[in-house]
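Trainee: My questions will all concern the structure given below.
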Amino acid sequence: MRYRFLGNSGLQVSEICFGVMTFNSQKGWIHLGVQEQKDANRLTSVAIEQGVNFFDTADVYSNGISESMLGKALGSKRKDVVIATKGEGRMGNGPNDEGHSRQHLIKACEDSLKRLNTDYIDLYQVHSFDFITPLEEMMLALDQLVKDGKVRYIGISNFFAWQIMKLMSISEIQNLNKIISLQAYYSLVGRDLEYEIIPVCLDQKIGIIVWSPLHGGILSGKYRKGKKWPKGTRIKGEGQHFTYDIKKGEEILSLMENISTEKNTTMSQVALNYSLQKPGITSVIIGARNEKQLIENIKTADWKLTENEMKKLDEISEPPRIYPHWYFDVFKKSRMERYFSILARQEVKDGV
């Protein structure tokens, strides 16, 4: 397993992050499948044995059950791992039971600490942008959690690029702890993150943690157009997955299948490996329904796609060049490429 520094911090996390949204028992989100405490215990132990030190959850996952199960599964091993959880989502029926308010975020964090059975959270992330609460209030609340020793580092998830830049400005002006990470969607069939968000994260040295790098399982190769879909999975049929260009997706899947066959590896590993080699990406979150699937995905960190394979995957999955990207491609391409080359070199220099 390889480890990378998370953003502009000294915190090192494994390239593979184990996402435990599926820790749910019979009372949780059973549409994901059912994993009881014994399953959580085993999968958590296997992940740690394989070198994973990074675990991601959230308070809203099965209304707190995921956090509770992770806390129990870690037990005495808690001191050896990095726990990332998230707050912001609705956790009750009251008007202050969701959002970025100081009232909600501090309570949400304290509740997460109890469920995780820990004195501190390594990385506390705001789950999604709140269009109502001022960003200053959110940042002051997060800063207070760090000062109180309840949280070591802070991050965000599902934010716009301009909001990220505004957060960094607020922290600079008010001398507050800065965010070190962004958790965001990114995959071979969805590279929208490259338009604005990856550039601002590179510029501000914010580490990116990828959620759904397999696009909800599509990039595992199990769900192909015109073929019989497997039973017993959370995707029951076409139209129940995240939106993507299916025609283009099939072309990408065909190339992935060729590469995985040549390398004697899985298509999932190809997809995960691709994301890990892209600028700005620190870690990718994987889920697992069983031990075999978990180990297969973790093994992604044991090898790398070649430059030629990355080039082919880049070309076939290239997103549309929206404005102002096409403008710079036409008029300022050499200047733009030089800028991103400088950022990439700096990223390697910083040990990411």
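Trainee: When the label point is put 7 Å from the Cα of D111 along its Cα-to-beta-carbon vector, which residues of the range 25-62 have a backbone N closer than 20 Å?
Mentor: Answer for the range 25-62: 25-30, 56-62.
Trainee: Moving on. Within 10 Å, count the other beta carbons around each residue, average over each peptide in 169-181, 294-306, 57-69, and list them highest first. Each step should come with its number before you reach the end.
Mentor: Working: 169-181: 16.5, 294-306: 18.0, 57-69: 23.5.
Order by mean packing, descending: 57-69, 294-306, 169-181.
Trainee: At 222 nm, what value in deg cm²/dmol follows for the chain if DSSP H runs of at least 4 each add -39500 (n - 2.57) and the sum is divided by all its residues, to the nearest 500?
Mentor: So the helix-based figure for the chain works out to -12500 deg cm²/dmol.
Trainee: Under a 1.4 Å probe, what is the accessible area of the chain per residue, stated in Å²?
Mentor: 47 Å²
Trainee: Once you place label points 7 Å from the Cα toward the Cβ at K72 and S45, how far apart are they in nm?
Mentor: 1.5 nm
Trainee: I'd like the carbon and sulfur percentage of the solvent accessible area for the range 8-87, probe radius 1.4 Å, heavy atoms only, ligands and nucleic acids excluded.
Mentor: On the way: 1470 of 2880 Å².
Here carbon and sulfur together make up 51 percent of the probe-accessible area.
Trainee: What is the extension gain from K304 to E262, computed as 0.36 nm multiplied by their sequence separation minus the C-alpha to C-alpha distance, in nm to one decimal? Intermediate values should be presented prior to the final figure.
Mentor: Working: separation 42, 0.36 × 42 = 15.12 nm, distance 1.32 nm.
Going from the current span to full extension adds 13.8 nm.
Trainee: A follow-up question, please. What FRET efficiency do you get for I30 and M165 if R0 is 35 Å and r is their Cβ-Cβ distance, rounded to the nearest 0.05? All intermediate terms of the calculation are to be shown ahead of the outcome.
Mentor: Details: r = 40 Å, r/R0 = 1.14.
Calculated transfer efficiency: 0.30.
Trainee: Under a Cβ-only charge scheme (Lys and Arg +1, Asp and Glu -1), can you give me the dipole magnitude of the range 1-129 about the Cα centre, in debye to the nearest 20?
Mentor: Numbers: 15 positive and 15 negative charges, 38 e Å.
For the range 1-129, the charge dipole is close to 180 debye.
Trainee: With a ≥ b ≥ c taken as the square roots of the eigenvalues of the C-alpha gyration tensor of the range 50-112, please select rounded if a/c is under 1.5 and otherwise prolate if a/b is larger than b/c or oblate if it is not? Don't skip to the answer; put the middle values down first.
Mentor: Details: a/c = 2.76, a/b = 2.28, b/c = 1.21.
Verdict is prolate for the range 50-112.
Trainee: Counting DSSP beta bridges with both partners in the chain, what percentage is antiparallel, nearest 5? Please report the intermediate quantities before stating the final value.
Mentor: On the way: 4 of 32 bridges.
Bridges in the chain are about 10 percent antiparallel.
Trainee: Could you calculate, for the range 1-100, the ratio of the Cα radius of gyration to the Kirkwood radius, expressed as Rg to Rh? List each step's numbers first, then the result.
Mentor: Values: Rg = 14.5 Å, Rh = 14.4 Å.
In the range 1-100, Rg relative to Rh is 1.01.
Trainee: Just list whichever of K79/K304; K77/K304; K222/K304; K38/K222; K86/K107; K205/K312 have alpha carbons separated by over 24 Å in the model shown.
Mentor: K79/K304; K77/K304; K38/K222; K205/K312, as the Cα separations exceed 24 Å there.
Trainee: Which value, in debye to the nearest 20, describes the size of the charge dipole of the chain about its Cα centre when Lys and Arg Cβ atoms bear +1, Asp and Glu Cβ atoms bear -1, and nothing else is charged?
Mentor: On the way: 47 positive and 43 negative charges, 150 e Å.
So the dipole magnitude of the chain works out to roughly 720 debye.
Trainee: Name the residues whose placed amide hydrogens come within less than 5 Å of the amide hydrogen of Q183, ignoring near sequence neighbours (fewer than 5 apart) on the same chain.
Mentor: I156, S157, N158, I209
The values are calculated or read from the model by the stated rules, or taken from the named source; none is laboratory data. Keep in mind the model is a prediction, meaning the values are calculated, not measured. FYI the Cβ positions are ideal-geometry reconstructions off the backbone, even for glycines, and counts take in every protein chain you see. Quick note on the areas: whole protein, heavy atoms, side chains included, nothing else; ligands and nucleic acids left out. Shrake-Rupley method; radii C 1.70, N 1.55, O 1.52, S 1.80 Å.
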